[in-house]
Amino acid sequence: MDTGQLLGSGRSADVYALDDSWVLRRYRDDADTTPELVVMSYLSAFGFPVPRIGPAPQGAGPGDLVMQRLTGPTMAEALTAGSLDARRGGEMIAGLLRELHALPPRLSLDPEVRILHLDLHPENVMLTGHGPVVIDWSNTTEGSPGMDRAMSALILAQVSLTPGFPAAEGVGILLTALMNAMAGDGAIAEADLAGAVALRSSDPYLSPAEHAVLGEAAALVDAHGR
Ligand SMILES: Nc1ncnc2c1ncn2[C@@H]1O[C@H](COP(=O)(O)OP(=O)(O)O)[C@@H](O)[C@H]1O
Ligand SMILES: [Mg+2]
């Protein structure tokens, strides 16, 4: 099938413009998009800001996902450009996690369990004219909401500690802002942070340099007072 112009690439997928309304997200490995497609449709129905799911075109494979084309920078781009400050960025991530965790889970009957994103960081939020929209639901599952908060904090801590990362200092400030903004959202239990570390360390896309600072990153999240 004809994929159109490449709009963006993350660690696992390439995103192409199909037309003005729709994009095709294509995994570079043979991952199946069905789990994230189901969760995104469920969240859309609640009004949570995710791209709408579109019709699969002829010839689409299991690693292809058609969704609403969003216009605007990623939160990471806006932070780097200075059009968004760290305090507002931290509040935005905390607010999106809070909004997600206010919704009923799709599968679980456990009252403590919520839908989790588990990769909610500035490269997976796009700032559109209608507000921030959360993309990249490849890690979504159901579980303890504290683990989602732990994961967002852990990722920022890890980036802030990775040698040679250009915006490391700014990301450290963003981590502080996020921890402050999440202060009223319930504690991050030790098991939540340990779960986030375990999941992150099993991420096949992590570089050796990112692996090396994972323990220090968890200690940094701890030091902020969970
Ligand atoms: N719905 C969309 N509309 C426009 N651009 C998008 C959309 N979804 C993703 N992108 C672009 O593609 C990039 C990679 O998408 P993402 O889903 O985060 O892939 P990965 O899993 O590889 O990180 C994003 O940073 C963004 O620039
Ligand atoms: Mg991504």
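Would you please name the residue that is farthest from ligand 2 (Cβ to nearest atom), looking only at residues in the stretch 32-63 that are of a type in the set (F, W, Y) and in contact with a Leu (Cβ under 8 Å, 6 or more places away or on another chain)?
By that ranking, first place goes to F46.
Could you check the stretch 163-226 for helices (runs of 4 or more DSSP H) lying wholly inside it with 1 or more residues that are modelled with pLDDT of 95 or more and among the acidic types (D, E)?
Here the list reads 190-201, 214-223.
Look through D222, D185, D192 and report the one residue that is surrounded by 15 or more Cβ atoms within 10 Å (Cβ to Cβ), charged (D, E, K, R) and over 27 Å from E77 (Cβ atoms).
That would be D192, the only listed residue that is surrounded by 15 or more Cβ atoms within 10 Å (Cβ to Cβ), charged (D, E, K, R) and over 27 Å from E77 (Cβ atoms).
Would you mention how many residues in the stretch 34-78 are within 11 Å of ligand 1 (Cβ to nearest atom), of a type outside the set (D, E, K, R) and within 16 Å of the chain's Cα centre (by Cα)?
The number of residues fulfilling the criteria is 8.
With the condition kept exactly as written, say whether any residue in the stretch 145-168 is in contact with a Phe, Trp or Tyr (Cβ under 6 Å, 6 or more places away or on another chain) and not aliphatic (A, V, I, L, M).
no
Given (1) within 14 Å of I93 (Cβ to Cβ); (2) surrounded by fewer than 15 Cβ atoms within 10 Å (Cβ to Cβ); (3) not β-branched (V, I, T), where does L109 come up short, assuming only one miss?
(1)
Taking the residues in the stretch 40-65 that are of a type in the set (A, V, I, L, M) and under 21 Å from L127 (Cα atoms) as candidates, determine which candidate is surrounded by the most Cβ atoms within 10 Å (Cβ to Cβ).
Checked the stretch 40-65; the qualifying residue surrounded by the most Cβ atoms within 10 Å (Cβ to Cβ) is L65.
Residue by residue, here is whether (1) within 11 Å of ligand 1 (Cβ to nearest atom); (2) in a loop (DSSP other than H, G, I, E, B); (3) at pLDDT 95 or above; (4) in contact with a Lys or Arg (Cβ under 6 Å, 6 or more places away or on another chain) holds:
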| site | (1), (2), (3), (4) |
| --- | --- |
| R88 | no, no, yes, no |
| L96 | no, no, yes, no |
| R106 | no, yes, yes, no |
| D110 | no, yes, yes, no |
| L118 | no, yes, yes, no |
| P132 | no, no, yes, no |
| N139 | yes, yes, yes, no |
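Which of the residues that make up the stretch 10-30 are within 13 Å of ligand 2 (Cβ to nearest atom) and either in the same structural domain as L120 (by TED's automatic domain parsing) or assigned to a loop (DSSP other than H, G, I, E, B) (or both)?
Result: G10, R11, S12, R28.
The values are calculated or read from the model by the stated rules, or taken from the named source; none is laboratory data. Predicted model only: the values in this text are computed from it and were never measured. Here the Cβ is made from the backbone with ideal geometry for all residues, glycine too, and neighbour counts use every protein chain on show.
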